Amino acid sequence: MASKKYDLRVYPGFRGITLLCLVILYAPLIVVMVYSFNASPSITNWEGLSLRWYADVFTGPESAKFKSAARNSFVIALIAATVATTIATLSATAILRGGKFRLRMVSFGLISLPLMVPEIVTAVATLIFFNAIGFDRGLLTILLAHIAFCIPFAYLPISARMQGIESTYEQAAMDLYATRRQAFTRVLLPLMAPGIVSGFILAFIVSLDDFIITNFVKGAGVETLPTAIFGAVKQGIKPNIMAISTMLLGVSVVMVTLSWLISRKDRKT
Amino acid sequence: MAGGAATGGSSTSDTYAEARTWLLLPAWVTLGILVLAPVAIMLVYSFLTKEFRGGVIWEFSLGAYDQFFCSRGLFGDEPCSIEWTYIQIFWRSIWQAGAATLLSLVIGFPTAYFIATRPPRQRTLWVFLVTIPYWVNLLIRTVSMKFLLRDEGPLNDFLTGIGLLNEPLAIVNTNFAVQLGLFYSYLPFMVLPIYAAVERYNFALSEAASDLYAPRWTVLRRILLPSVKPGIVAGCILVFVPSLGSFLAPDLLGGARNFMIGSLIEEQFKGNAGNWPFGAAASMILLTMVLIILLIFARQQAKAES
């Protein structure tokens, strides 16, 4: 063994490609973040640091539009993520703690369906569905569509967590005369908390970020942040759009980091 | 365990077996009404007659599929000959998605391998670094890419600034820009399954091959690659499938000449075309293609496991 001239696990160039990969992933985001602090109204020239475009987002001529879009986005994300997380938790309990039954695989397939159907197809189908049943498009249609595609994103971390919990805990509780409901609410749910929080956060971000489905099912004049940004970008990339993008990007990164820290801290203990 | 990770596995029990119907009911109702029923109605709509400026007339018609596959001359009265316009758009989408998948594989495999061979404590951090951009809004990522690549953008400024180029490189509105955008959209889907496969790989196999005088690149090709193939296939599918129906990357980075399926469908509902049955038919054809790919993949996975 000592005669090995090189480490077999190391391939030359792989480290370089990994670093290149990270550069490609981060460069566009960092460039937009930097340019959002540009004092110039032109997006090409650099004229020094300034917060004027952030001020413009909150007080400028388009601020009312952005504020209502932001409110819509956050309200929808909050409700959709809450409902989706609840549904996902109940489903995971049935699929992982409900014994073997015929519809088990079918149920799992149904839950992962939104991940398999191309987003544009879901968007078209949902639009046609609301049209066929005569449901007026507006905030409610966006919310309903979001709940559906958030379920698998909430389900994945929740079921991963539940698989890591031995069922002996609940059985012990029930041996000590806890009812099934008590075993669920007092034993399983608290143990599940990190998974549920992760699931909620992911569902929240996915809802906050969705453009394609929202764009199809939203009513005229109803905007969320992504549809407002898309509408603005069609006229050209403006500095205030970069400021909004930077803020939205910050929210996503903070929330994902939070979710990661929760799951990591949990794994250590 | 690979299948178990998705559906259950070791710690399943029947503690809540009696309540399972009630526990699953919300998911069944929500997804049944909001996903299954809409797809079924979309299928019906694809066989209806179009109404101008959107909507449908409830009258059976094969018009949408006829428009897709058949060319009937200027006045629409000639016998059916193959209509290439839409088949070409689908073909271009397949080609673009394939190129993006290849690009993701070329960059994603070494990255996944590098991460999987880090000390265990560092791995989660590396995985985290690669996945963060995925959680940033797809629209913002695509717009950022456009901002970086455009003719007067920072990348061209930099390249002309250091004297590497005399004139800015026109990347935006080319096929390559779309491929780069798709690559940027779905790269983590390539890295994660390959990473998981390499992490499970037993390096004693490489040792053995090397002891028998295999050069390291032969070890990679003959021993490592076949062992982690399921991860590579999964990664390719996870990048290819969403790329196929993507809308934002071709719309923002591609321009009019690089039209893909997603834009074709969008135009029927949001744009000027306003032909709902045709949009529904194109969506059904896309969905069928995707389901066939996933079915073949699931078959192979099942075969590999047994």
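The values are calculated or read from the model by the stated rules, or taken from the named source; none is laboratory data. The structure presented is a predicted model; accordingly, all values stated were derived computationally and were not measured. Glycine gets a Cβ as well: all are built from the backbone with ideal geometry, and neighbour counts include every protein chain shown. For accessibility, only protein heavy atoms count, side chains too; no ligands or nucleic acids. Shrake-Rupley method; radii C 1.70, N 1.55, O 1.52, S 1.80 Å.
The table below gives the values:
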quantity	calculated
Whole-number percent relative contact order across chain A, with pairs defined as alpha carbons under 8 Å at least 6 apart	29
Estimated D of the stretch A:185-264 in µm² per second, where Rh is the Kirkwood radius over Cα pairs and Stokes-Einstein applies at 10 °C, 1.306 mPa s	108
Sparsely packed chymotrypsin sites (Phe, Trp or Tyr not before Pro) within the stretch B:201-306, loop by DSSP, other Cβ within 10 Å at most 16	B:F203, B:Y213
10 Å Cβ neighbours from other chains, averaged over peptide A:83-96	5
Contact order relative to length of chain B, as percent, for alpha carbon pairs under 8 angstrom and 6 or more apart	25
On Cα atoms only, tilt of A:119-132 relative to the major axis of chain A in degrees	90
Average beta-carbon neighbours from other chains, 10 Å sphere, peptide B:150-156	4
Surface accessible to a 1.4 Å probe, B:Y65 within the full protein complex, Å²	40
Gain in span if fully extended, B:R72 to B:V106, counting 0.36 nm per residue against the direct Cα distance	7.9 nm
Heavy-atom surface of the stretch B:87-305, accessible at 1.4 Å and reported per residue (Å²)	42
Inverse of mean 1/r across different Cα pairs in the protein assembly as shown, Kirkwood, Å	25.7
Fluctuation leader among A:A70, A:A160, A:A228 - chain A, Gaussian network, Cα springs under 10 angstrom	A:A160
Which of B:E199, A:E47, B:E83 is most accessible, then next, and so on - probe 1.4 Å	A:E47, B:E199, B:E83
Shielding by partners, peptide B:109-115 (average Cβ within 10 angstrom, other chains)	6
Amide H partners (placed H, <5 Å) of A:G99, local residues excluded	B:S13, B:D14, B:T15, B:Y16
Charge dipole magnitude, Cβ of K and R +1, D and E -1 - chain B, Cα centre, debye nearest 20	860
Residues in the stretch A:166-188 occluded by at least 40 Å² - accessible area, probe radius 1.4 Å, against chain by itself	A:R180
Within a Gaussian network of chain B (alpha carbon springs, distance under 10 Å), most fluctuating of B:M190, B:M289, B:M260	B:M289
Square roots of five times the Cα gyration tensor eigenvalues for the stretch B:3-121, Å	44, 31, 10
Magnitude of the charge dipole, the protein assembly as shown, Cβ model with Lys/Arg +1 and Asp/Glu -1, debye to 20	1660
Three principal axis lengths of the stretch B:87-305 [C-alpha, angstrom, descending]	65, 51, 30
Heavy-atom surface of chain A, accessible at 1.4 Å and reported per residue (Å²)	45
Estimated buried accessible area (total), pair A and B, 1.4 Å, Å² to nearest 100	9500
32 Å Cα-Cα threshold exceeded, pairs from A:K100/B:K303; A:K238/B:K50; B:K270/B:K303; A:K67/B:K50	A:K238/B:K50; B:K270/B:K303; A:K67/B:K50
Unpartnered cysteines - no second Cys beta carbon under 4.7 Å - across chain B	B:C236
Cross-link reach list, aspartates and glutamates versus B:K146, counting only Cα pairs under 12 Å and skipping chain neighbours closer than eight places	B:D251
Radius of gyration, Dmax [chain A; alpha carbons; angstrom]	23.3, 76
Angle between chain B longest axis and helix B:175-200 axis [Cα atoms, degrees, rounded to 10]	40
Portion, in percent, of the accessible area of chain B that falls on carbon or sulfur, probe 1.4 Å	64
Normalised contact order of the stretch A:117-215, rounded percent, pairs of Cα under 8 Å and 6 or more residues apart	45
Inverse of mean 1/r across different Cα pairs in the stretch B:192-267, Kirkwood, Å	15.1
Helix axis angle, B:84-116 relative to chain B longest principal axis, alpha carbon, degrees	20
